[in-house]
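Before any comments, here is the structure.
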Amino acid sequence: MTTPKLDQALAGEIEALAGEGRAKPPERVITGYLPPAGTRGPRYTILGQDREFIRLNSNSYLSLSQHPALIAAADAATHACGVGPGAVRFIDGTFSYHRDLEERVARFTGKPAAKIFNSAYTSNCGLALAIGSAKTHWIGDQLNHNSIIRAMRIAGVPSGHKGIYRHNDMDDLRRCLDEVEDTIERVVVIFDGIFSMRGDYAPIDRIEAVCSEYRDRFQDGVITVVDDSHGIGAYGATGRGTSEYSGATPDIIVGTFGKAFGVNGGFIAASEMVVEAVRQKADTYIYTNPLSVADCAAACAAIDICDSDEGLQLLAALRERTGRFREGLTRLGLESIPGPHPVVPLMVRDTARTRAMVQGLFDKGVMVVGLTFPVVPKGDESIRIQINAAHTEADIDYVLEILARLQ
Ligand SMILES: Cc1ncc(COP(=O)(O)O)c(C=O)c1O
């Protein structure tokens, strides 16, 4: 033990977290993946468990992580350029694979340019550093992801330059815009596309309509930003995400390669100048090594699949399985939050029952995540269930059967 006093203090802090119900349980360790076979979808093995598990807590909505085209692309890139970049982007850490992925993201999102990051988390932090200024006011949905909240803190946004509107409440967004001081030059309205704990989505068409009423009031306008980490690739007729689903595209799109695209990394897609500002000013881009070429090549392959007939078939399968599961819940009289996204919350509204159901599912080989207070407000205790395109009808029916027995 080299830090006994620090360790003791940290133990006290972690104990306090546990007392507040905020401590994370030990992590389960996945030891293997079994590809789909016949009527059963993919299965996973877990350290210390002797059965196989269905994963209903993965963000890999199109089940691309094990796709042979992604693995082959990662393999070829690694063999061509190695496993690490050797430096940050501006010190010759930029490879053609980074550029190719940025061009691919721009094309996919319909934006003039894009920059890639190690994650969507660092993308949000970088964006706040790049487009914020002393005269910028930020407005966000009350249920925004932790990375957006943290981004505001990292960028040092003072409390007087921030507004929070009630979840998806357009009148409250208007109130926040009305409250912006006249000295402000730039307003940024930032929101999750899909709210990851609930599976509901931001009404981007309505947000754009409200913001456009205020654009002329500020020198640099009102800039809209969606973090569509759970939407991109998985939502909308062609997987373009919440913009496609809601029929309006914000000025800036943040996304991840780590969910529907099945890889790792994040991006910002926007105008050429916003992207250049990111390159010049976003510390989480500038001072850290970029993604490996393997990640970039795999992400490009994932977007190519998403943009092909195969992608449309995967999206159709995802919609079908999600619909089947949601209908099953309704048949069982179980409560959810309606919507077509593959995040399907099962509202249990009781901590002990949520924990018992999560354990009951696990005992039958089903991995889900339970959300209890203080992660969600008291009374909103739920089980987050995530469907993916590789789940079979038999998988969905099996899970429903267990839920029927557990309720
Ligand atoms: C809205 C949102 N933004 C960002 C992230 C983080 O994504 P990444 O793993 O790429 O950092 C998540 C995922 O948890 C998310 O839901």
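The values are calculated or read from the model by the stated rules, or taken from the named source; none is laboratory data. None of these values were measured; they are calculated from a predicted model. Glycine also receives a Cβ, built like all others from the backbone with ideal geometry; neighbour counts cover every protein chain displayed. These accessible areas exclude ligands, DNA and RNA; they are computed on the full protein's heavy atoms, side chains included. Shrake-Rupley method; radii C 1.70, N 1.55, O 1.52, S 1.80 Å.
Things to note:
- Among the residues listed as Arg186, Arg153, the single one being out of contact with any His (no Cβ under 7 Å at 6 or more places or on another chain) and within 24 Å of Pro203 (Cα to Cα): Arg186
- Among the candidates Ala301, Ala277, residue that is away from the ligand (no atom under 14 Å from the Cβ) and closer than 21 Å to Ile232 by Cα: Ala301
- Residue match in the range 217-224 (condition: assigned by TED's automatic domain parsing to the domain that holds Glu102 and within 19 Å of the chain's Cα centre (by Cα)): yes
- Test result for Val188, over 27 Å from Ile305 (Cβ atoms) and open to solvent by less than 10 Å² (accessible area, probe 1.4 Å): yes
- Test for Asp283: is it farther than 30 Å from Ile131 by Cα, open to solvent by 10 Å² or more (accessible area, probe 1.4 Å), acidic (Asp, Glu) and out of contact with any Cys (no Cβ under 6 Å at 6 or more places or on another chain): no
Residue-wise test of (1) more than 26 Å from Thr122 (Cβ to Cβ); (2) away from the ligand (no atom under 14 Å from the Cβ).
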{"residue": "Ala209", "(1), (2)": "yes, yes"}
{"residue": "Tyr214", "(1), (2)": "yes, yes"}
{"residue": "Asp227", "(1), (2)": "no, no"}
{"residue": "His230", "(1), (2)": "no, no"}
{"residue": "Arg240", "(1), (2)": "no, yes"}
{"residue": "Ser243", "(1), (2)": "no, yes"}
{"residue": "Ala248", "(1), (2)": "yes, yes"}
{"residue": "Val254", "(1), (2)": "no, no"}
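- Filtered residues of the range 123-147 (kept if within 14 Å of the ligand (Cβ to nearest atom), crowded, with 20+ Cβ neighbours inside 10 Å and not in a loop (DSSP other than H, G, I, E, B)): Ser123, Asn124, Cys125, Gly126, Leu127, Ala128, Gly140, Asp141, Ser147
- Verdict on Val358 being out of contact with any helix residue (DSSP H, G or I) (no Cβ under 8 Å at 6 or more places or on another chain), among the aliphatic types (A, V, I, L, M) and at pLDDT 95 or above: yes
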